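The structure appears right after this line, and notes come after that.
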Amino acid sequence: MSLFKERQYLRVHVDREPDDSLWMKCKSCGELVFKRRVRENSNVCPSCGEYFFQTSQERMESILDPGTYEPFGERLVTDDPLSFVDSRAYRERVAETQAKTGLDDAILIGRGAIEGIPVVLGVMDFRFIGGSMGSVVGEQISRAIEAAVADRRGFILISSSGGARIQEGMFSLLQMAKTVTVRRRLAEAGLPFVSVMTYPTSGGVEASIASLGDIIIAEKGAMIGFAGRRVIEQTIAEELPAHFQTESFALEHGQIDRVVRREDLRTELALALGFFVGAR
Amino acid sequence: MTDERTLDLLEAKIEELRQLNAIDGMDLSKEIARLEEKLAVLRQDLYSNLTDWERVRIARHPKRPYALDYIASVFSDFYELRGDRIVGDDRALVAGLARLDGRPVALLGQQKGRTTEENKERFFGMTRPQGYRKAKRLMDLAERFGFPLVSLIDTSGAYPGVESEELNIGGAIAENLETMAGLRVPTVAVIIGEGGSGGALAIGLADRVLMLEDAIYSVITPEGAAAILWKDKERAREAATALQMTAPHLLNLGLIDGVIPEPLGGAHKNPAVTSAALKEALVRHVNELSAIRLDQLLAARYQRYRNVGRYTTRAADASRGAP
């Protein structure tokens, strides 16, 4: 019954090399597609609907009204509080990832508008050490929430994270406590928080800020869960259901409100936020 | 090199001599005293310079006192409350009311099993959504009646399984964190053994966070970190050191408020002494926190968690990060 075979997660190719050609071949349907069309289509194949990886910069662009994105003034970089070295030094890993991605850490935050509705938007980036949440990501989410409270705007967080940043040890774990603590300020101010879960939203991010949206939306093709597939398989020593931890699994088990195609996310967010404009 | 087995042998030897001494009326007291002195020196030598990995082993020691042991020795009148009111009752997290030095408190404790039977019942001390939701009930109850909340943390982590995911374990942890962040009563958490990642933090976002001297608290197990970062499970020792997961390290990093001393060799060497130290610390911290006005308590808690993290600010540069 391959006709009904459910595709699991969208494929993520995070090591994309910069490439100046105008055309690309879709890995799913093999069609040669015009790159600008793909980009304009939220990195979804115009031919078959396959999702290509979307960077945080591309997401910002595809969701916010053109020309409205204002990144926050201050740039933050991790202090490497444990002077952590595994198979290589954390500092080196960070510096190399910064150079490769043009990001300071695994999140972009800024003000902007979606169909005219002012918002503060945070977008996590899986390319940066698996989108993991360390001191910088936690601080940026906190600042984003504080800015939303100060400007009386809604806050949107688009998650793409494997969980806590191991290399910052307990500082990372406590970012869960930090973001959740600050998130309460939005509720106290009567401002909405829309959490968007994409591929993947797991571990410490899923078990904190991402699960606390007033509205939780999953992007089609998302992976949503606390423990990784491999960890669970090792614990229970059995195969997991095919759609385990997909967006449809999360929807079926009452963990999210809605599933949205990436191309429709912008419209969806405007629709959702519209209910809260002037609500309080 | 001294190891634990040498100490055990020596201890057994001394005990044997003591019995001979008693039976035959022969005077071995000099010999016993000499050996006891030697034992003390060796013990000091072995335990006073513990490596991080040795502390991990003590934190996981099968004879280490567990939550229910401390609940019996530190508190009185423990009155267990069970069930999450939705799915079931998680035996890996016990909850209830108790008295601490006479004062009623709401109590949460993560409980491991000692026997195979017990471990089956208690899921090896790994908390499931049912447990976190029961904890949430107790948090709400504590707030409603003004009971301080005490958490005794001891888990290798939240239980990873299909049912856990179906019951939204991540969401349950997140909700506990949110509840504790705003809980309008004093809260104290003590890591008594293993503080395993989000599964531990879920009942640990407290006004005071304490650790027993040989407890560990970490974002990931040393084995997990070794597998992910070194691609080699065997390098857990290195990972344990790199992660700075022991009580002295975390005190030094400013992430916990106090270390409760354990006897040489760990809590299991003298549970009574450990219990007394734990009780003293709990009573002192609960009393201190109870004397603080609620708005100040909540403001201090907010600042504590708002400000955790280490980063450096760079000057603005419009060219970076822009789409």
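Since every read-out is calculated from the coordinates, none of them should be taken as a lab result. Predicted, not measured: the structure shown is a model, and the values here were computed from it. No Cβ is skipped: glycine too gets one built from the backbone with ideal geometry, and neighbour counts run over all protein chains shown.
Expressed per residue, the C-alpha convex hull volume of segment B:4-45 stands at 44 Å³.
Sorted on the mean count of surrounding Cβ atoms within 10 Å across their residues, most packed first, peptides A:231-241, A:182-192, A:153-163 read A:153-163, A:182-192, A:231-241. What distance in nm lies between label points placed 7 Å from Cα along the C-beta direction at B:L17 and B:E223? According to this spin-label approximation, the distance is 4.0 nm.
Segment B:178-244 and segment B:270-310 have their alpha-carbon centroids 17 Å apart. Overall, chain B carries a charge dipole of about 960 debye about its Cα centre when +1 sits on the Cβ of Lys and Arg and -1 on the Cβ of Asp and Glu, all other atoms neutral. With a 10 Å cut-off around each Cβ of B:173-186, the average count of Cβ atoms from other chains is 5.
With 10 Å bins beginning at zero, the pair-distance distribution over Cα atoms of segment A:54-274 amounts to 8, 35, 37, 16, 3, 0 %.
If you plug the beta carbon distance of A:R261 and B:E121 into 1/(1 + (r/R0)^6) with R0 = 41 Å, you get a FRET efficiency near 0.35. Classified by the C-alpha gyration tensor, segment B:56-306 has a rounded form. Its axis ratio a/c, with a ≥ b ≥ c, is below 1.5. Of the residues A:I224, A:G134, A:I256, the one whose Cα sits farthest toward the positive end of the charge dipole of chain A, with +1 on the Cβ of Lys and Arg and -1 on the Cβ of Asp and Glu, is A:I256.
Taking only the C-alpha atoms of the protein assembly as shown, the Rg (one decimal) and the largest Cα-Cα distance, Dmax (whole number), read 26.2, 99 Å. Where both bridge residues fall in the protein assembly as shown, DSSP classifies roughly 45% of the beta bridges as antiparallel. Counting only whole DSSP H helices of chain A, the ones at least 20 Å long by C-alpha along their axis and with mean Kyte-Doolittle hydropathy no lower than -0.5 are A:135-151, A:169-188.
May I ask you to list the trypsin sites (Lys or Arg not before Pro) in segment B:170-231 that are in a DSSP loop and have at most 10 other Cβ atoms within 10 Å of their Cβ? Here the trypsin sites (Lys or Arg not before Pro) that fit, given the DSSP loop and packing criteria, are B:K231. Once the Kirkwood radius over Cα pairs is known for segment B:212-298, the Stokes-Einstein relation at 20 °C and 1.002 mPa s delivers a diffusion coefficient of 142 µm²/s. Volume of the convex hull of segment A:149-280 (Cα atoms only), normalised per residue: 119 Å³.
Normalised by the number of residues in chain B, the average gap of Cα pairs under 8 Å and 6 or more apart makes the relative contact order 15 percent. Fewest neighbouring Cβ atoms within 10 Å first, the residues A:F226, A:F275, B:F124 line up as A:F275, B:F124, A:F226. Secondary structure note: in segment A:153-280, about 5% of the DSSP beta bridges are antiparallel. Segment B:43-164: percent of C-alpha pairs farther apart than 18 Å? Cα-Cα pairs in segment B:43-164 separated by more than 18 Å: 56 percent. Amide H contacts of A:V259 (H built 1.01 Å from N, in plane; Pro and chain starts excluded): A:A218 sit under 5 Å, all sequence-distant by 5 or more or on other chains. Legend: ranking of residues B:V273, A:V137 from fewest to most surrounding C-beta atoms inside 10 Å; resulting order B:V273, A:V137. Relative to the current alpha-carbon distance between A:H243 and A:L32, full extension at 0.36 nm per residue lengthens the span by 73.0 nm. Counting 0.36 nm for each residue step from B:K233 to B:D45 and taking away their Cα separation leaves a gain of 64.7 nm. If you plug the beta carbon distance of B:A291 and A:E40 into 1/(1 + (r/R0)^6) with R0 = 51 Å, you get a FRET efficiency near 0.25.
A helix-only calculation puts chain A at -9500 deg cm²/dmol for mean residue ellipticity at 222 nm, using -39500 (n - 2.57) for each DSSP H run of at least four residues, averaged over all residues. When shorter helices are ignored and each DSSP H run of at least 4 residues is given -39500 (n - 2.57), the per-residue value for chain B at 222 nm works out to -14500 deg cm²/dmol. Shielding value for A:91-98 is 0, the average number of Cβ atoms from other chains within 10 Å of each residue's Cβ. Taking a point 7 Å from the Cα of B:Y302 along the Cα-to-Cβ direction, the residues of segment A:182-207 with backbone N closer than 15 Å to it are A:182-191.
Convex hull volume per residue, computed on the Cα atoms of segment A:32-115, equals 139 Å³. Calculate the FRET efficiency for B:L264 and B:D27 from the Cβ-Cβ distance with a Förster distance of 45 Å, rounded to the nearest 0.05. For B:L264 and B:D27, the calculated efficiency is 0.95.
Among B:T51, B:T274, a tally of other beta-carbon atoms within 10 Å of each Cβ gives an order, fewest to most, of B:T51, B:T274. Orientation-averaged projection of segment B:54-100 equals 4.4 nm² [convex hull of Cα atoms, one quarter of hull surface area].
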